[in-house]
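*Asks:* Could you have a look at this structure, given as structure tokens, before my questions?
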Amino acid sequence: MPIDWRVEKMKLSKDKTQLVYNDFLTIGGIPAEAFNYRLGTRSALEWIVDQYRVKVDKRSGIVNDPNRADQPRYIVDLVGRVITISLQTVEIVGGLPSLVGEVS
């Protein structure tokens, strides 16, 4: 039986350590630090979870489906890349020297 990579709507667990990708797949072990990289009021991962879902416009009936027939793993791979980049960015920013009091 082929793996079902299709997403309808992803959901984070209450403690945000797991992402329910679909009925077939749950991604676990998400480090809390991944949520420290923020895009405005949300983390990058929370933004992906919110945006990458099947939506139907109420007025027009147009379906917005982020799934790609030519790249079935696109969204799950994107989730992995976003977690990795979030962790790396938080680590880099955490290693930068403080700029407080250094303005001349």
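Every read-out reported here was derived from the displayed coordinates using simple, explicitly stated rules and does not represent laboratory data. On a predicted model such as this, the values are computed, not experimentally measured, just so you know. Using ideal geometry, Cβ is built from the backbone for each residue, glycine included, and neighbour counts are taken over all protein chains shown.
*Asks:* Placing +1 at every Lys and Arg Cβ and -1 at every Asp and Glu Cβ, with all other atoms neutral, what dipole size does the chain have around its Cα centre, in debye to the nearest 20?
*Replies:* Working: 14 positive and 13 negative charges, 82 e Å.
Dipole about the Cα centre, nearest 20: 400 debye.
*Asks:* Identify all aspartates and glutamates with a Cα-Cα distance to K14 below 18 Å; exclude those on the same chain that are fewer than 8 residues away in sequence.
*Replies:* D23, E33, E46, D50
*Asks:* Sticking with this structure for a sec: Within 10 Å, at most 10 other Cβ atoms, and a DSSP state outside H, G, I, E, B define an exposed site. Report the longest part of the chain free of exposed trypsin sites (Lys or Arg not before Pro).
*Replies:* Looking at the chain, 60-104 is the longest stretch - no exposed trypsin sites (Lys or Arg not before Pro) with at most 10 other Cβ atoms within 10 Å.
*Asks:* Bin width 10 Å, alpha-carbon pairs only: give the P(r) of the chain as whole percents, running from 0 to the bin holding the largest distance.
*Replies:* Reading upward from the zero bin: 13, 38, 28, 12, 6, 2, 0.
*Asks:* Filter the GluC sites (Glu not before Pro) in the stretch 1-71 to those in DSSP coil with at most 14 other Cβ atoms within 10 Å of their Cβ, and list the result.
*Replies:* E8
*Asks:* Percent relative contact order of the stretch 11-94, based on C-alpha pairs within less than 8 angstrom and at least six residues apart?
*Replies:* Values: 83 pairs, mean separation 20.9, N = 84.
Relative contact order for the stretch 11-94 comes out at 25 percent.
*Asks:* Could you work out [θ]222 nm for the chain from helices alone, using -39500 (n - 2.57) per DSSP H run of at least four and dividing by all its residues? Round to the nearest 500 deg cm²/dmol.
*Replies:* Roughly -9000 deg cm²/dmol at 222 nm, from the helical runs in the chain.
*Asks:* Using a 10 angstrom cutoff on alpha carbons, build the Gaussian network for the chain and name the most mobile of S13, S43, S60.
*Replies:* Result: S60 has the largest fluctuation of those listed.
*Asks:* Cut-off 10 angstrom, C-alpha nodes, Gaussian network model of the chain. Which of V49, V90, V79 fluctuates the most?
*Replies:* Looking only at V49, V90, V79, the largest GNM fluctuation is found for V90.
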